[in-house]
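J.: Quick one: this structure, given as C-alpha cells, is what I'll be asking you about.
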Amino acid sequence: MRNMLAFLGMAVLVFFGVGLYLGWYHIYREPSSTPGHSRIEFDIDQNKISSDVKQGASKIKDAIDNATTNPTAPTTPTTDKKTDAAPTSKTDTAKDLVRDASGWFSPEKRK
C-alpha cells in the first residue's frame with residue numbers, strides 16, 4: 001500500500017513538472033485587496049495539452065509501426081570494433097580501472 005502511494009505521489013510530481021516545462025498550465029500569484037492575503041491563479045491551456053498528447057501518441061504509434069514492419073533495422077548505431085582500442089590482457093583492464101586522473105594508483109608514481 002505504501003509503495004502504491006509513493007508511486008502515485010511520484011506520478012503527480014512528474015505530471016506537475018512536465019506540465020510546467022511544456023507550458024500546459026501557469027501559476028500566478030497576485031496581491032489581494034485584503035492586507036496580508038494573496039491570490040493564486042491557475043491557468044490551464046487545454047488546447048496545448050490535447051495537441052501535445054496527440055503528437056506524442058502519433059510519435060509512439062509511428063515508432064511501434066516502424067519497429068514491427070522492419071524488425072531487422074538496427075535501433076542503435078553500430079560501431080566499428082576494429083577502431084576501438086581494447087586492453088590486451090586482464091591486468092591492462094585492471095590498471096585502467098584503478099588508474100584515476102591524478103595517477104595515484106599507477107606503479108610509476110609509487111617509486
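Any read-out appearing in this document is the output of simple, stated calculations on the displayed coordinates, not a laboratory observation. Computed from a predicted model, the values in this text were never measured in an experiment. No Cβ is skipped: glycine too gets one built from the backbone with ideal geometry, and neighbour counts run over all protein chains shown.
J.: Among what's in segment 44-63 and is more than 19 Å from residue 17 (Cα to Cα) and hydrophobic (A, V, I, L, M, F, W, C), pick the residue that is nearest to the chain's Cα centre (by Cα).
T.: Once the filter is applied, the top-ranked residue is 60.
J.: Continuing with this model, one more query. In segment 25-75, what residues are part of a loop (DSSP other than H, G, I, E, B) and either closer than 17 Å to residue 15 by Cβ or of a type in the set (A, V, I, L, M) (or both)?
T.: 45, 73
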